[in-house]
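Engineer: Handing you this structure, nothing more for now.
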Amino acid sequence: MDSRSQAPYKSSSFSPATTRDDGGSRAREAVDRNLSLGALRDRPLDAPAAGACGAHREQSIREEDEEEDEGRGGGHGGEGKPDLAALSAEVDAFVAGHGRDGDVSSIAEATLERFAAAVEREIALSEGKEDKWAAGGYGEPPALLTAITRIAALASALGKTVPEGASGKYTSAAHRVTAVLHRAMAFLEDEFHALLEDPRVPKPAVDLPGGGAHEHDRCVLPPTSSDAGGGSDAAPPPPPYPPETVDRLRLMADAMITAGYATECTQMFLVARRNAFEAALRGLGYESRSIDDVVRMAWESQLEAEIVCWIKAFRHAANVGLSTEHDLCARVFSGGNRRAAALGRGIFADLARCVMLHMLSFTEAVAMTKRATEKLFKVLDMYEAVRDAVPVIDAFLLSAASSSGDGDKDSSSSSSALTELKSELASVRSRLCETAAAIFRELESSIRADAGKQPVPGGAVHPLTRYVMNYVKFACAYNNTLEQVFREHNNNHNHHHNNSNSNSDNPNPNPFAAQLMEVMELLHENLESKSRLYKDPSLSSIFLMNNGRYMLQKIRGSPEINAMLGEAWARKQSTSLRQYHKNYQRETWSRVLALLRDDGVITVKGHVQKPVLKERFKQFNAAMDEIQRTQGAWVVSDEQLQSELRVSIAAVVVPAYRSFLGRFAQHFSAGRQTEKYVKLSADDVETLIDELFDGNATSMARRRT
């Protein structure tokens, strides 16, 4: 068995359709069929096999050359060693003319033998040399590659001119040429693989801060690709190989493809570049995880950080990595050979499909985890990354279609691989869309489920209000993406979203805006229900005022939310706040103001009824003490609302009390009687009002001490 049959670099992860070498294999099979290697396997040690070590092969060649020189009396041209240049000219003439007459006799058997020996000797002498691939001259390929390419062409020509089953002197020479070709290809495979894995080629590396102690710090992109998500000013990444290495890879690939070894060549290249691609992703902090591992991850401590790494690595792969590999495949598999170019497109397509599909499996695992509202934003980030990768794959598909020829099997295979990748991207995008829509609707479910029976102390902003409004604020930062998500979600369910709050003259309402309206209405209904938990109607109004003002401030402070809900909704919220304010003043201060009015009871027929007046002052003092004691503990955290409430109360109560004092305070005798009934001055009342709603409960008695 020759060394190719071991295929040490092949991988079952890639489609064989792309790397099959139908044309080259048929040519090689013709050679192998006509020129059986059975004679080669039975060959004595003076004709070494392709797997022998370099020193043994070189010694064998020297001994064989000496024997041939003795047997032929000095050999070709009378020299002791084969003249490769002269032999090459004869071989080129034979290869060029074999198709016209099919006559093998146009070249001497000795020439075939000596040319094969010369090429084998070149290979043996090149092993271990650093300059084995030195150019043969200005702009010319290395001499060793030229010799290997020439013996491949010679073997192909002999396969066509030596009939199957033929015997005679040319059969032996043809076997010799075929054996050297096999050895040359084994040698070239080793060199091709070594060059692909050359440790002198710089590998991408990223120092991970903290040694993994901080999960979020693992995801640091190198400066050259930090803007891979779409920054046009990002510096291009360094090429994977220097230009001279790419040139050598191209020449080797061209020689192997010409000799019918395209399968071995493409598989080696494919596996090497896939390994390099995956190593680069690991350098960005991305580690491959099984679906079970992802599903079991805790959100805050593990999965959230893993998603951050995945997004950065996926964007890098789509926007930087694939372009780099596409360019490399195009440069290595060119050589003016249409067949090589098609193989290069196939390699890239398989590489793109393999790497990207593997990364996309992570999204499937995330979609399978338990849905929770806090996961929405990372799912949207993943959705955007997948969505943005679609035009990249479309561009590669267009390039493949424009470069392929009619009936080109390799190009069709590459288009098929990219089409499969595009289809999977669409499928993943749809799954993420459904996941994001379902998670956002979990917010609605959480609002409905929040039916707590314990009122918030002091009528403060409810935690649900804070959570929902902050959530909505962050969600509206993704307003374009969420609009796209809900539009696709609705289309996937074969209906268009209509909302009664949308303008009837808008033929295409924003589905996310409609969804947001629904959330706000649910929150409003929930807060109305919670306000009824307070026994004091005034405190109920304070609660609704606090929460309504918080919602309005969040809307006004976010252009995105304001744009989504519209000015009409904000005006409606402002109207509700004014009504809450009126309700509070009516419930609390209308009773106090009634005590300060002379409604015909205090003054009767021009005479002040002192018992009634005393009772009025006592009632006023008690009411103010009660208000100070209770409403001082109420909370209005918004400073502007707090100030507006105090000012509006003082503007009504203080003037009324000052007028009441001016009319009736003199009816009390100075001293103890006045102190007993007139406990507050107008300034005291104003100060008392200024101390309301700060969460500190005090009474007038404690205040006076």
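The values are calculated or read from the model by the stated rules, or taken from the named source; none is laboratory data. Since the model is a prediction, treat every value here as computed from it, not as a measurement. Quick reminder, even Gly has a Cβ in these numbers, built from the backbone with ideal geometry, and neighbours come from all protein chains shown. Please note that ligands, DNA and RNA were not included when accessible areas were found on the heavy atoms of the full protein model with its side chains. Shrake-Rupley method; radii C 1.70, N 1.55, O 1.52, S 1.80 Å.
Engineer: So which residues in region 431-448 are among the aliphatic types (A, V, I, L, M) and open to solvent by less than 10 Å² (accessible area, probe 1.4 Å), if there are any at all?
Structural biologist: If the condition is that a residue be among the aliphatic types (A, V, I, L, M) and open to solvent by less than 10 Å² (accessible area, probe 1.4 Å), then LEU432, ALA436, ALA437, ILE439, LEU443, ILE447 are the ones that fit.
Engineer: Which numbered condition in (1) over 15 Å from the mean Cα position of the chain (by Cα); (2) over 27 Å from ALA184 (Cβ atoms); (3) polar (S, T, N, Q) is the only one that SER288 fails?
Structural biologist: Single failed check for SER288: (1).
Engineer: Given (1) open to solvent by 40 Å² or more (accessible area, probe 1.4 Å); (2) in a helix (DSSP H, G or I), identify the lone condition not met by SER288.
Structural biologist: That leaves (2) as the condition not met.
Engineer: Then there is this: Quick check on my filter: what residues within region 355-375 are open to solvent by less than 30 Å² (accessible area, probe 1.4 Å) and over 15 Å from the mean Cα position of the chain (by Cα)? Give the steps one after another, and end with the answer.
Structural biologist: First pass over region 355-375, keeping only residues open to solvent by less than 30 Å² (accessible area, probe 1.4 Å): 355-356, 359-360, 362-363, 365-367, 369, 372-373, 375.
Once the filter is applied, which keeps residues that are open to solvent by less than 30 Å² (accessible area, probe 1.4 Å) and over 15 Å from the mean Cα position of the chain (by Cα), region 355-375 yields THR369, ALA372, THR373, LYS375.
Engineer: Could you tell me whether region 322-345 includes any residue that is farther than 19 Å from SER414 by Cα, in contact with a Ser or Thr (Cβ under 7 Å, 6 or more places away or on another chain) and open to solvent by 10 Å² or more (accessible area, probe 1.4 Å)?
Structural biologist: No, because not a single residue in region 322-345 is farther than 19 Å from SER414 by Cα, in contact with a Ser or Thr (Cβ under 7 Å, 6 or more places away or on another chain) and open to solvent by 10 Å² or more (accessible area, probe 1.4 Å).
Engineer: Right, another one. Given the options ARG616, ARG663, ARG646, name the one that is part of a helix (DSSP H, G or I) and either assigned by the TED database to the domain that holds GLN553 or farther than 29 Å from SER540 by Cβ (or both). Steps first, answer last, please.
Structural biologist: Values: ARG616 fails: either assigned by the TED database to the domain that holds GLN553 or farther than 29 Å from SER540 by Cβ (or both); ARG646 fails: either assigned by the TED database to the domain that holds GLN553 or farther than 29 Å from SER540 by Cβ (or both).
So the residue among ARG616, ARG663, ARG646 that is part of a helix (DSSP H, G or I) and either assigned by the TED database to the domain that holds GLN553 or farther than 29 Å from SER540 by Cβ (or both) is ARG663.
Engineer: Another question, if that's okay. So for region 223-231 (the condition being open to solvent by 20 Å² or more (accessible area, probe 1.4 Å), farther than 30 Å from THR161 by Cβ, modelled with pLDDT of 90 or more and assigned to a loop (DSSP other than H, G, I, E, B)), does at least one residue qualify?
Structural biologist: As a first pass, look at region 223-231 and keep what is open to solvent by 20 Å² or more (accessible area, probe 1.4 Å): 223-224, 226-227, 229-231.
From what is left, the residues that are farther than 30 Å from THR161 by Cβ are 223-224, 226-227, 229-231.
Filter once more, keeping what is modelled with pLDDT of 90 or more: none.
Within region 223-231 (the criterion being open to solvent by 20 Å² or more (accessible area, probe 1.4 Å), farther than 30 Å from THR161 by Cβ, modelled with pLDDT of 90 or more and assigned to a loop (DSSP other than H, G, I, E, B)), the answer is no, since none of the residues qualifies.
Engineer: Looking only at region 410-469, which residues are assigned to a helix (DSSP H, G or I), within 29 Å of PRO537 (Cβ to Cβ) and touching a residue at least 24 places away in the same chain (Cβ under 8 Å)? If you could, list the steps in order and put the result at the bottom.
Structural biologist: Taking region 410-469 first, the residues assigned to a helix (DSSP H, G or I) are 410-449, 457-459, 463-469.
From what is left, the residues that are within 29 Å of PRO537 (Cβ to Cβ) are 446-449, 457-459, 463-469.
SER446, ILE447, ARG448, PRO457, GLY458, GLY459, LEU464, THR465, ARG466, VAL468, MET469 - these are the residues of region 410-469 that are assigned to a helix (DSSP H, G or I), within 29 Å of PRO537 (Cβ to Cβ) and touching a residue at least 24 places away in the same chain (Cβ under 8 Å).
Engineer: Is it true that VAL428 is among the aliphatic types (A, V, I, L, M), surrounded by fewer than 21 Cβ atoms within 10 Å (Cβ to Cβ) and within 13 Å of the chain's Cα centre (by Cα)? Reasoning before the result, please.
Structural biologist: Working: among the aliphatic types (A, V, I, L, M): yes; surrounded by fewer than 21 Cβ atoms within 10 Å (Cβ to Cβ): no; within 13 Å of the chain's Cα centre (by Cα): yes.
Judged against the criteria, VAL428 is not a match.
Engineer: Could you list all residues from region 666-694 that are surrounded by 15 or more Cβ atoms within 10 Å (Cβ to Cβ), modelled with pLDDT of 90 or more and part of a helix (DSSP H, G or I)?
Structural biologist: Across region 666-694, the qualifying residues are ALA682, ASP684, VAL685, GLU686, LEU688, ILE689, ASP690.
Engineer: Quick one: ILE542 ticks every box in (1) open to solvent by 20 Å² or more (accessible area, probe 1.4 Å); (2) not in a loop (DSSP other than H, G, I, E, B) except a single one, so which number is it?
Structural biologist: Looking at each condition in turn, ILE542 falls short on (1).
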